[in-house]
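The values are calculated or read from the model by the stated rules, or taken from the named source; none is laboratory data. As the structure is a prediction and not an experimental result, all values here were calculated from the model. As a convention, Cβ positions derive from the backbone with ideal geometry for all residues, glycine included, and neighbour counts pool all protein chains shown. All accessible areas refer to the heavy atoms of the entire protein, side chains included, with ligands and DNA or RNA removed. Shrake-Rupley method; radii C 1.70, N 1.55, O 1.52, S 1.80 Å.
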Amino acid sequence: MQPTITNGASTSIWHATVSFPDFSPLQNNAQADVCVIGGGIAGLTAAYLLSKQQKKVILIDAFTLGAGETGRTTAHFFPPDEWYAALEESFGTDHASLIANSYAAATDTVESIIGMEQIDCAFQRVDGYLYALSSSHYMDIDQEFDAARRVGVAVEKLEQIPGIPFVTGPCIRFPHQAQFDPLKYLKGLAEALVRNGGAIYGNTRALKIEDHDNYQTVCTQHGKIRAPAVVVATNTPFNDRVVLHTKQAAYRTYVIGVRVPLNALPPILMWDNGDPYYYVRLELRNPECDYDMLLVGGRDHKVGQDPHPEHRYDEIEQWVRERFPMAQSVDYRWSGEIMEPADGAAFLGRNPLDNDNVYVISGDSGNGMTHCTLGGMIVTDLILGRKNPWTSLYDPGRKITHGFFEFVAEQANTLSQYSDWVKGGEVSSIREVPRQEGAIVQDGADKLAVYHDAEGKVHVLSAVCTHLGCIVHFNSAERSWDCPCHGSRFGIDGEVLHGPASAPLSIRK
Ligand SMILES: Cc1cc2nc3c(=O)[nH]c(=O)nc-3n(C[C@H](O)[C@H](O)[C@H](O)COP(=O)(O)OP(=O)(O)OC[C@H]3O[C@@H](n4cnc5c(N)ncnc54)[C@H](O)[C@@H]3O)c2cc1C
Ligand code: FES
């Protein structure tokens with residue numbers, strides 16, 4: 001199988017096992033009812049739902065379908081990362097209840113699309129369990145249980161997660177959650193989109209969106225797409241330089257895939273309330289394998305703020321081995337990026353700064369399967385002029401009045417990153433950068449991002465992020481230059497791997 005081009009050096013279990021057809025780049029100018037930018041779960045869901053309503057859709061992706069975070073997820077459908085107790089305190093019981101039913105509706109929508117389009121993606125309803133990291137956290141579990149019941153979620157309290165080989169202590173069972181293979185799902189959505197008359201172009205990066213009276217023009221390196229409506233589903237918007245990026249923060253999260261004997265564990269989802277926290281799912285492999293795969297993630301940190309994060313895989317492995325004595329070899333290690341919204345609710349709907357015809361799906365947090373599906377549902381209704389019960393709840397233009405203190409702390413963290421400008425380089429000359437390592441080198445008033453590859457070639461770039469000018473940091477696990485301010489990432493050739501930046505780091509001789 002050809003390796004899929006993705007936005008990092010690590011390979012997820014999905015990228016290792018599912019391949020996509022190549023979609024050729026846009027060759028000429030084109031026209032559509034809707035142009036969707038981004039071929040992850042957000043973009044493909046929106047494109048598919050719009051194509052079902054007879055809209056002519058063109059979808060473009062800078063790389064290929066699934067190249068972004070959807071190819072790196074662990075793909076649980078589970079309750080909000082921001083717990084119901086916190087959501088209730090911030091938004092009130094009625095709104096927290098609306099959030100709960102939006103989650104159920106999104107998961108049901110995925111299940112019904114899979115049924116309707118006959119997508120073979122191992123979709124499975126499973127129970128999810130939230131448990132306390134230690135006895136000092138038992139009260140949090142009680143509070144969350146009460147809040148979940150008040151907002152109308154059918155939960156149950158148990159003294160132990162069933163079928164798990166370590167003592168978990170009290171936990172909350174959330175029934176009827178789900179999991180699937182995210183790339184097989186994307187593949188099915190893409191095939192259905194094409195059957196419905198949609199067009200998909202790969203290796204086509206949107207560089208900007210121009211606003212005209214009755215239509216938008218999406219400018220790419222190969223041609224322009226003219227459409228009355230545009231959906232920006234690029235995980236974090238590249239077209240909005242500031243507004244949304246002050247309302248969300250970019251984190252990296254780490255996953256390992258560990259073999260366990262067949263049927264040694266029940267198919268469940270579980271997550272704890274620690275900091276750092278861990279999330280677990282069991283991936284049942286196909287019948288010819290004689291093992292299952294336990295996927296365990298966590299040890300998150302802000303993007304660009306740990307240059308050597310490999311220790312995080314080791315810490316997750318240690319955590320697994322201490323709790324799951326049947327754990328065998330570690331077959332996969334990968335990481336990815338998550339956009340955390342300041343108030344816990346995603347940004348799904350009209351782009352705050354544009355006229356009514358540009359839509360955005362972002363702020364997905366660790367609930368991207370749900371939020372992005374919901375985003376596709378909301379923007380479809382907005383484009384078709386239909387009512388949607390969740391539009392104002394997830395409006396990207398809303399003011400952040402909830403989670404205000406976290407919001408202020410994130411802003412302070414971002415501002416402090418600009419102090420990198422007055423620090424010296426990490427090494428004093430280009431020659432000092434070790435092989436297969438990257439480092440910042442001071443060059444007069446300039447800062448250079450220098451990578452020394454395995455063959456001895458030195459790659460020299462400007463270290464100034466093309467979004468809003470922070471200094472990028474090397475990420476040795478993904479061999480990329482990551483920006484600590486709003487989560488942009490660049491390859492060692494300077495290419496944009498993740499927004500909000502849309503222009504590459506400039507190459508220096
Ligand atoms: C390790 C990990 C574990 C996770 N676990 C879970 C989980 O268990 N449950 C859950 O619900 N969520 C989880 N998430 C979150 C979830 O995976 C993401 O929120 C979701 O996949 C984001 O989908 P997306 O479509 O918004 O973005 P992406 O999948 O990143 O898609 C965006 C696409 O846009 C393209 N693009 C970017 N810029 C441009 C441009 N300018 N022009 C054209 N194309 C462009 C990219 O190439 C990419 O293909 C996890 C994430 C990670 C990293
Ligand atoms: S991502 Fe905003 S300055 Fe780099």
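Here are a few things to note about the model shown:
- For region 210-272 versus region 80-102, the gap between their alpha-carbon centres in whole angstrom: 23 Å
- Solvent-free Debye scattering, log10 I(q)/I(0), computed from the Cα coordinates of the chain at q = 0.10, 0.11, 0.12 Å⁻¹: -0.77, -0.94, -1.13
- Split the accessible area of region 251-312 by element, probe 1.4 Å, and carbon with sulfur accounts for 50%.
- Filtered trypsin sites (Lys or Arg not before Pro), region 340-390: DSSP coil and at most 15 other beta carbons within 10 Å: 386, 387
- For region 419-498, the relative contact order comes to 19 percent (Cα pairs under 8 Å, sequence separation of at least 6).
- When the inverse distances between all different Cα atoms of region 419-498 are averaged and flipped, the Kirkwood radius reads 12.4 angstrom.
- For region 53-179, alpha-carbon Rg and Dmax in angstrom: 17.7, 55
- All aspartates and glutamates inside 19 Å of residue 423 as judged from Cα atoms, apart from same-chain residues fewer than 8 positions distant: 306, 432, 443, 446, 482
- Using the average count of surrounding beta-carbon atoms within 10 Å as a protection proxy, the listed peptides 165-177, 249-261, 495-507 rank, highest first, as 249-261, 495-507, 165-177.
- Surface share of carbon and sulfur [accessible, 1.4 angstrom probe, percent] for region 419-498: 51 percent
- By accessible area, using a 1.4 Å probe on protein heavy atoms only, region 1-124 has 46% of its surface on carbon and sulfur.
- Residue-by-residue Karplus 3J(HN,Hα) for region 381-389, coefficients 6.51, -1.76, 1.60, Hz, glycine and proline x: 5, 4, 5, 7, x, 9, 6, 9, x
- Leading residue at positive end of dipole, the chain (Cβ point charges), from 196, 164, 93: 196
- For the chain, the relative contact order works out to 17 percent when only alpha carbon pairs closer than 8 Å and six or more residues apart are counted.
- Ratio of Rg to Rh over region 205-343 (Cα coordinates, Kirkwood Rh, two decimals): 1.14
- Residue pairs, from the table 56/208; 247/509; 55/224; 55/399; 187/247; 224/387, whose Cα atoms sit over 29 Å apart: 247/509; 55/399; 187/247; 224/387
- Heavy-atom accessible area per residue - the chain, 1.4 Å, Å²: 39 Å²
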